[in-house]
Amino acid sequence: MRDPRPGLGWSRRRAQTRTRYERWMASQAWRARRRAWLAAYVTRTGVQPRCAVCDRPWTLTDGELHHRSYRHLGAETDTDLVQLCVGCHQLLHRILEGHPGWLRQAGRPHATDVIIARLRAANACPRPEEQP
């Protein structure tokens with residue numbers, strides 16, 4: 001969830017959502033949810049996950065789970081989450097947050113899916129040495 005644009009503030013609702021998000025992401029429950037996601041993924045597919053963009057191995061310590069939707073924050077379904085390496089996750093957010101039309105026109109889940117598909121097709125993930 002991005003910071004407000006310079007010169008603009010957040011609505012009270014947005015500020016409350018941000019606080020709830022930050023608390024959830026720092027919680028033991030979120031870490032447990034990540035472990036549960038990984039176990040379910042391996043059970044469902046029979047393989048360890050790889051970054052949805054660049055296909056690098058994904059692990060609990062070296063990977064991030066992107067929220068396709070915040071609708072179920074705190075009770076995410078497996079389809080609310082997508083595995084990304086750090087570089088691809090940062091790139092995805094730069095695109096989503098740099099072009100608000102993505103979210104307005106497509107909605108977060110669809111925008112996420114389209115951006116991931118385009119990044120994958122373009123082989124656009126920064127390599128570890130290129131990551132900010």
Every listed condition ((1) in contact with a Cys (Cβ under 9 Å, 6 or more places away or on another chain); (2) of a type outside the set (A, V, I, L, M); (3) surrounded by 18 or more Cβ atoms within 10 Å (Cβ to Cβ)) holds for P57 save (3)
Does at least one position in the stretch 120-132 carry a residue that is under 23 Å from W24 (Cβ atoms) and either modelled with pLDDT under 95 or surrounded by 15 or more Cβ atoms within 10 Å (Cβ to Cβ) (or both)?
-> no
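Please state which one of L96, L91, L73 is modelled with pLDDT under 95 and either on the phi > 0 side of the Ramachandran plot or out of contact with any Leu (no Cβ under 9 Å at 6 or more places or on another chain) (or both). Let's see the steps before the verdict.
Values: L96 fails: either on the phi > 0 side of the Ramachandran plot or out of contact with any Leu (no Cβ under 9 Å at 6 or more places or on another chain) (or both); L91 fails: either on the phi > 0 side of the Ramachandran plot or out of contact with any Leu (no Cβ under 9 Å at 6 or more places or on another chain) (or both).
Within the list L96, L91, L73, the selection yields L73.
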Within the stretch 9-36, track down each residue that is farther than 14 Å from G74 by Cβ and in contact with a Leu (Cβ under 7 Å, 6 or more places away or on another chain).
-> R35
Per the filter on the stretch 24-39, residues touching a residue at least 40 places away in the same chain (Cβ under 8 Å) and not hydrophobic (A, V, I, L, M, F, W, C) are R33
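Per-residue answers, yes or no, for (1) of a type in the set (A, V, I, L, M); (2) touching a residue at least 60 places away in the same chain (Cβ under 8 Å); (3) surrounded by 13 or more Cβ atoms within 10 Å (Cβ to Cβ):
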| site | (1), (2), (3) |
| --- | --- |
| A15 | yes, no, no |
| R18 | no, no, yes |
| L65 | yes, no, yes |
| R68 | no, no, yes |
| T77 | no, no, no |
| D80 | no, no, yes |
| V86 | yes, no, yes |
| W102 | no, no, yes |
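The values are calculated or read from the model by the stated rules, or taken from the named source; none is laboratory data. Not measured: the values here are computed from a predicted model. Neighbour counts are summed over all protein chains in view; Cβ atoms, including those assigned to glycine, are modelled from backbone coordinates with ideal geometry.
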